[in-house]
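See below for the structure under consideration.
The values are calculated or read from the model by the stated rules, or taken from the named source; none is laboratory data. Computed from a predicted structure; not experimentally measured. Heads up, the Cβs are rebuilt from the backbone with ideal geometry, glycines too, and the neighbour counts pull from every protein chain shown.
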Ligand code: UDP
Ligand code: MG
């Protein structure tokens, strides 16, 4: 166990180009936490923002140094690594994660705490009336489906970052040293008594989502590959079925050649089959590459991120 928890609640917030949201976030978050009536700290990780986010965070640290801590990355390492860096530093008994864009209303935090008080060690928010694009909601549905069939992780809303964890679960996440991971799923796999609560969801207060289609695909690959190698097995089984089918085809063609003599018909069908099999091979190579790339990142053991400095009062 790391340093004995002296604070009741740690709130962890990743920040990437959120200058349009931070002032409103501050004006809603601090009163919401004051109203809860527990001792708290807020850790912001500035994930290499190119806008004025750092200045705003530094000013907030100056205004409320007792409860505000800032972890400054030298570059952009992604939302989950930003959360990870903060989790490594938390001092609280209960840890809540939250997005900086006010899609997760800070006024909902108390609902999660009611659950941790009741003895649950991993509390997931379920976004009610999710305010995201149609496309994002369909992608979530698809990934939810894949995840629930390929892994033993059961979550209604994996993408909701409004979540609460016990210190024990957070220590487990930190100890795991995970590189490419999806923190809500990792937390779930370490929890003993997980649960979920409905929470409100709002539209992004300002700016646009930081997730491009490419980063969304990468993130979802992280989610699946970190927890299961089932895609590789499914692919192998499929490849075996294809081999059996092609063997059968070769036998049929050879028999026809012996009985009927040379024939030209069916050439295009054969080409079609060959192109299909080649593309199946390419998918397989890509899939192996995804796992291999991640294995490589773990094996070469490079730092997952670099903290250039922190703003905090030493406890
Ligand atoms: N974020 C981050 N690093 C990134 C991308 C996002 O720290 O590279 C933060 C961002 O500032 C926000 C949270 O992660 O607090 C969620 O990001 P966003 O709102 O863009 O994602 P979405 O809500 O569209 O899933
Ligand atoms: Mg958002």
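When segment 65-89 is filtered for residues that are out of contact with any helix residue (DSSP H, G or I) (no Cβ under 9 Å at 6 or more places or on another chain), more than 13 Å from ligand 1 (Cβ to nearest atom) and farther than 15 Å from residue 169 by Cα, the ones remaining, listed by number, are 65, 66, 74.
Somewhere in segment 131-153, is a residue touching a strand residue (DSSP E or B) at 6+ places or on another chain (Cβ under 6 Å) and more than 12 Å from ligand 1 (Cβ to nearest atom)? There is no residue in segment 131-153 that is touching a strand residue (DSSP E or B) at 6+ places or on another chain (Cβ under 6 Å) and more than 12 Å from ligand 1 (Cβ to nearest atom). Output the residue which, of all residues in segment 163-177 that are in contact with a strand residue (DSSP E or B) (Cβ under 6 Å, 6 or more places away or on another chain) and assigned to a strand (DSSP E or B), is surrounded by the most Cβ atoms within 10 Å (Cβ to Cβ). Checked segment 163-177; the qualifying residue surrounded by the most Cβ atoms within 10 Å (Cβ to Cβ) is 165.
Across segment 215-238, not a single residue is classified as in contact (Cβ under 8 Å) with a residue 24 or more places away in the chain, within 13 Å of ligand 1 (Cβ to nearest atom), in contact with a strand residue (DSSP E or B) (Cβ under 6 Å, 6 or more places away or on another chain) and over 18 Å from residue 95 (Cα atoms). Within segment 18-34, if we keep just the residues that are in contact with a helix residue (DSSP H, G or I) (Cβ under 8 Å, 6 or more places away or on another chain) and either free of Cβ contacts under 8 Å to residues at least 40 places away in the same chain or surrounded by fewer than 20 Cβ atoms within 10 Å (Cβ to Cβ) (or both), the residue that is farthest from residue 207 (Cα to Cα) turns out to be 32. Scanning segment 140-151 for residues that are in contact (Cβ under 8 Å) with a residue 40 or more places away in the chain and out of contact with any helix residue (DSSP H, G or I) (no Cβ under 6 Å at 6 or more places or on another chain) returns 146, 147. Residue count for segment 178-208 satisfying the condition of being surrounded by fewer than 17 Cβ atoms within 10 Å (Cβ to Cβ) and free of Cβ contacts under 8 Å to residues at least 40 places away in the same chain: 1. Where residues in segment 187-200 are closer than 15 Å to residue 96 by Cα and part of a helix (DSSP H, G or I), which of them is farthest from ligand 1 (Cβ to nearest atom)? Looking at the filtered set, the residue picked out is 188. The residues on offer are 280, 250, and the sole one that is under 14 Å from residue 235 (Cα atoms) and modelled with pLDDT of 85 or more is 280.
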